[in-house]
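Heads up: the structure comes next, in structure tokens.
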Amino acid sequence: MKTKLVTGKLDRVSSDLLVIFALDTAEKKQSPAKPAIKLLTAGNGAAKATASILGSGEFAAGSCDTVLLHAPSGFKAERILLVGLGKATTAEVRKAAGAAVRFAKPRRLRELSIVIPSLDGLDPAAATRALVEGAYVGDFDPDTYRTDRKDQSIEQLNVVLDSRANQAAMEAALREGVILGEAQNFTRTLVNEPGNVMTPTVLGQKAAEMCSQYGLTCEVYGADKLKELKMGAFWGVTKGSEEPPALIVMKYEPAKAPASPVLGLVGKGITFDTGGISIKPADGMEKMKYDMAGGAAMIGAMQAIAQLKPAVRVISVVCAAENMPSGTAMKPGDVQIAMSGKSIEIINTDAEGRLVLADGLAYARQLGATHLIDAATLTGACVVALGMVNAGAFSNDDDTYQHFTDALKISDERFWRLPVEDDYRELIKSSIADIMNTGGSRYGGAITAAMFLKEFVEDTPWIHLDIAGVAWTEEQKPWMAKGPSGIAVRSIAEWVRSYAK
Ligand code: BES
Ligand code: ZN
Ligand code: ZN
């Protein structure tokens with residue numbers, strides 16, 4: 001998709017589809033509520049062409065509601081699509097732009113023009129960026145391997161500014177939107193691939209290609225490096241598989257950045273999780289190809305960071321492996337020694353994510369990370385706790401977490417903070433080793449997993465994101481296809497940027 005900013009009066013924009021956002025501004029107090037639909041344009045150039053539909057009461061401008069007008073009188077555009085915002089927020093703008101793109105795609109419209117919404121209280125640059133992000137996210141479809149796949153991607157997106165104000169700021173916002181939208185879709189493309197294609201080796205290759213394209217340094221190490229670094233926890237997971245592991249290390253080290261902080265981005269890259277010897281039930285196991293979504297989020301975030309160029313150092317470690325049962329697989333009861341020297345009693349080989357992350361986090365610290373963030377499809381318990389709406393977030397440091405909260409205000413992604421408190425540590429005490437890889441009980445499973453990780457970050461400020469419930473969307477939304485969501489990419493990129501401000 002190509003994207004450009006166009007300025008001018010709306011009736012002069014020639015386009016297959018001119019998209020205008022609308023909002024119901026009526027006071028809801030009166031009963032029955034009388035809609036007062038306002039078009040979010042800077043001028044009132046579209047008032048005449050839309051007067052009839054707006055007066056009819058058929059269009060309530062609810063979130064992602066659409067109405068299509070053909071051959072609007074007085075307009076160069078062939079069609080006008082009104083899209084409701086529901087509420088005047090950047091989150092709604094992002095969704096509405098996605099809904100417009102997903103409206104256009106099956107109708108074989110390859111070009112569309114979306115008008116930057118103009119409304120008091122809505123920052124136009126933030127709205128422009130969200131609009132572009134939403135359009136990119138809407139453009140993604142997961143049907144890669146369908147032989148009847150028509151390439152229905154949008155070729156040209158015009159972002160229309162119908163006033164002369166802030167043109168340079170809108171250009172910059174558009175560019176940011178493209179960077180973040182593309183990064184999120186890159187992550188979704190990686191996550192969407194089946195386990196037979198997206199092996200640890202291939203994930204390493206994809207990361208290396210991205211790094212060489214965007215000027216990051218990248219090393220992809222194999223089993224020898226794991227042994228050299230004494231990564232017994234990571235090694236324990238990978239040794240049941242015929243597929244070699246990949247320890248992916250990406251670095252962004254701009255000359256202008258101070259020596260400290262160094263932000264460490266660590267991702268779980270299990271390219272398929274069978275559970276290992278503690279094998280999972282067959283029902284739904286096919287979904288475990290998305291168990292590398294945390295790692296893919298870090299690769300996508302690094303792509304965005306390379307282009308946004310914040311003045312801060314970033315290193316990323318993605319631990320990629322396949323979790324398989326076999327004659328060489330790790331067994332329950334085994335004891336593995338992690339890179340940090342801590343001994344781990346394996347209770348359940350299906351709790352493999354925390355094992356690879358234990359060594360990934362320790363390695364990021366060894367490489368100099370002063371602040372850590374990890375992302376992982378870590379626990380079913382997190383899905384039980386928060387459903388498929390919010391992802392879980394954990395932190396051992398309020399200041400570091402405040403940076404993340406600030407980032408969420410820009411990304412509009414939804415994370416809910418859960419506790420990491422010493423009382424939970426009791427649940428993962430082992431009688432043979434320093435720690436067990438699962439708590440004895442199923443209760444608080446997302447928290448005991450976080451407590452396990454905490455053992456390996458020691459005193460480094462750290463955030464853990466458990467994205468198990470939200471990395472894959474079961475149902476399509478008007479603004480987004482079902483399948484991989486690309487959650488956390490935008491928030492992590494924004495968290496990184498917050499250290500350069
Ligand atoms: N990859 C799973 C977690 C998961 C569950 C991701 C659902 C996405 C959707 C993880 O490796 C796992 O199997 N965790 C176990 C831990 C348990 C054995 C303590 C779980 O959550 O059941
Ligand atoms: Zn597992
Ligand atoms: Zn897993």
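Close amide H contacts of Asp24 (hydrogens built in the peptide plane, cut-off under 5 Å, sequence separation of 5 or more or a different chain): Lys38, Leu85, Gly86.
What dipole magnitude, in Debye to the nearest 20, does segment 162-270 give about its Cα centre under +1 on Lys/Arg Cβ and -1 on Asp/Glu Cβ? Could the numbers behind the result be given before it?
Details: 11 positive and 12 negative charges, 61 e Å.
Roughly 300 debye, rounded to the nearest 20.
Across the options Leu68, Pro281, Leu265, the greatest Cα extent toward the positive end of the charge dipole of the chain (unit charges at beta carbon of Lys, Arg, Asp, Glu) belongs to Leu68.
Would you mind calculating the relative contact order of segment 206-294 from Cα pairs under 8 angstrom and at least 6 residues apart, reporting the percent as a whole number? Please list the in-between numbers first.
Values: 75 pairs, mean separation 21.6, N = 89.
It rounds to 24 percent for segment 206-294.
Excluding same-chain neighbours fewer than eight residues apart, the lysines reachable from Lys150 by a Cα-Cα span under 16 Å are Lys105. Using only the Cα atoms of segment 97-244, construct the convex hull and provide its projected area averaged over every direction, in square nanometres to one decimal. Answer in nm², one decimal: 12.8.
When the alpha carbon gyration tensor of segment 414-490 is reduced to an equivalent ellipsoid, the three semi-axes, largest first, read 31, 14, 10 Å. Over the Cα atoms of segment 62-117, the radius of gyration divided by the Kirkwood radius equals 0.97; this is the Rg/Rh ratio.
Ligands, DNA and RNA left out, the accessible area of the chain computed with a 1.4 Å probe is 50% carbon and sulfur. Taken one residue at a time, the phi angles of segment 186-198 give Karplus couplings (6.51, -1.76, 1.60, θ = phi - 60°) of 4, 4, 4, 5, 5, 5, 5, 4, x, x, 6, 9, 8 Hz. Gly and Pro are set to x. Using Cα pairs closer than 8 Å and at least 6 residues apart in sequence, work out the relative contact order for segment 239-347, in percent. Rounded, it is 43 percent for segment 239-347. Backbone amide hydrogens, once placed in the peptide plane, bring Leu372 within less than 5 Å of Gly264, Trp462, Ile463, excluding anything fewer than 5 places away on its chain.
Label segment 298-435 by shape, choosing from rounded, prolate and oblate, from the square roots a ≥ b ≥ c of the eigenvalues of the Cα gyration tensor; if a/c is under 1.5 it is rounded, and otherwise prolate applies when a/b is larger than b/c, oblate when it is not. Don't jump to the answer; show the numbers that get you there.
On the way: a/c = 1.76, a/b = 1.49, b/c = 1.18.
Prolate, because a/c is 1.5 or more and a/b exceeds b/c.
Give me the angle, in degrees from 0 to 90, between the Cα long axis of helix 47-56 and the longest principal axis of the Cα atoms of the chain, rounded to the nearest 10. Between the helix axis and the principal axis of the chain, the angle is about 80 degrees. Near the amide H of Lys482, within less than 5 Å, lie the amide hydrogens of Gln476, Lys477, all on another chain or at least 5 residues away, with H placed in the peptide plane. When only Cα pairs below 8 angstrom with a gap of at least 6 residues are kept, the chain shows a relative contact order of 15 percent.
One quarter of the convex hull surface built on the alpha carbon atoms of segment 377-445 amounts to 5.5 nm², the projected area averaged over directions.
A protection proxy built from the mean count of other Cβ atoms within 10 Å ranks the segments 217-225, 279-287, 195-203, 296-304, most packed first, as 296-304, 195-203, 217-225, 279-287. Hey, what angle do you get for helix 200-214 against the long axis of the chain, alpha-carbon based, 0 to 90 degrees rounded to 10? It is inclined by approximately 50 degrees.
Taking Rh as the Kirkwood radius computed over C-alpha pairs, what is the Stokes-Einstein D of segment 257-353 at 37 °C in a medium of viscosity 0.692 mPa s, expressed in µm² per second? Don't skip to the end; give the middle numbers.
Details: Rh = 15.4 Å.
Result for D is 213 µm²/s.
Against the empirical 2.2 N^0.38 Å scaling, what ratio does the C-alpha Rg of segment 265-312 come to?
Details: Rg = 15.0 Å, N = 48, 2.2 N^0.38 = 9.6 Å.
Normalised Cα radius of gyration, segment 265-312: 1.57.
Just by accessible area at a 1.4 angstrom probe, what is the order of Glu322, Glu475 from largest to smallest?
Accessible-area ranking of Glu322, Glu475, largest first: Glu475, Glu322.
State the antiparallel share, in %, of DSSP beta bridges confined to the chain, rounding to the nearest 5. Given both bridge residues lie in the chain, the antiparallel proportion sits at roughly 40 percent. Charges were assigned to the Cβ only: +1 to each Lys and Arg, -1 to each Asp and Glu. The resulting dipole of the chain about its Cα centre is roughly 1560 debye. Working note: Cα atoms of segment 361-408, range along each principal axis, descending, whole Å: 35, 24, 15.
When the alpha carbon coordinates of segment 108-182 are projected onto the principal axes, the ranges are 47, 21, 20 Å, largest first.
Computed over every Cα-Cα pair of segment 46-170 and binned at 5 Å starting from 0, the pair-distance distribution P(r) comes out as 2, 10, 19, 22, 21, 16, 7, 3, 1, 0 percent. Taking Cα centre as origin and charging only the Cβ of basic (Lys, Arg, +1) and acidic (Asp, Glu, -1) residues, the dipole magnitude of segment 351-436 rounds to 200 debye. Taking only the Cα atoms of segment 219-268, the ratio Rg/Rh comes out at 1.10, with Rh defined as the Kirkwood radius. For Lys287, a cut-off of 18 angstrom between C-alpha atoms picks up these lysines, skipping any fewer than 8 places away in its own chain: Lys268, Lys482.
The 1.4 Å probe gives accessible areas that order Glu242, Glu421, largest first, as Glu242, Glu421. Restricted to Cα atoms, segment 191-346 shows a radius of gyration and a Dmax of 16.4, 51 angstrom. Out of every Cα-Cα pair that the chain contains, those further apart than 31 angstrom amount to 46 percent. For segment 197-286, the calculated P(r) over all alpha carbon pairs, in 10 Å bins from 0 to the bin holding the longest distance, is 14, 38, 31, 13, 3, 0 percent. Compactness of segment 347-501 is given as radius of gyration and Dmax, 15.6, 52 Å, from Cα positions. Just name one of Ala338, Asn323, Gly181: the one whose Cα is farthest towards the positive end of the charge dipole of the chain (beta-carbon charges, Lys/Arg +1, Asp/Glu -1). Value: Gly181. Absence of a disulfide-compatible partner, taken as no other cysteine beta carbon within less than 4.7 angstrom, is noted in the chain for Cys64, Cys319, Cys382.
Across segment 59-64, coupling constants 3J(HN,Hα) worked out from phi with the 6.51/-1.76/1.60 Karplus curve, θ = phi - 60°, read 10, 9, 6, x, 3, 6 Hz, and Gly and Pro carry x. Coupling constants for segment 471-486 follow from the phi torsions by the Karplus curve (6.51 cos²θ - 1.76 cosθ + 1.60, θ = phi - 60°), and in residue order they are 6, 10, 9, 6, 10, 6, 10, x, 9, 7, 5, 6, x, x, 9, x Hz; glycine and proline get x. Cross-link partners of Lys87 among lysines, defined as those whose alpha carbon lies under 19 angstrom from its own and excluding same-chain residues fewer than eight positions apart: Lys28, Lys29, Lys34, Lys38, Lys95, Lys409, Lys477.
The values are calculated or read from the model by the stated rules, or taken from the named source; none is laboratory data. Just so it is clear, the model here is predicted, and its values are computed rather than measured. Please note: Cβ atoms are built from the backbone with ideal geometry, for glycine as well, and neighbour counts cover all protein chains shown. Calculation scope for accessible area: heavy atoms of the full protein, side chains included, ligands and nucleic acids excluded. Shrake-Rupley method; radii C 1.70, N 1.55, O 1.52, S 1.80 Å.
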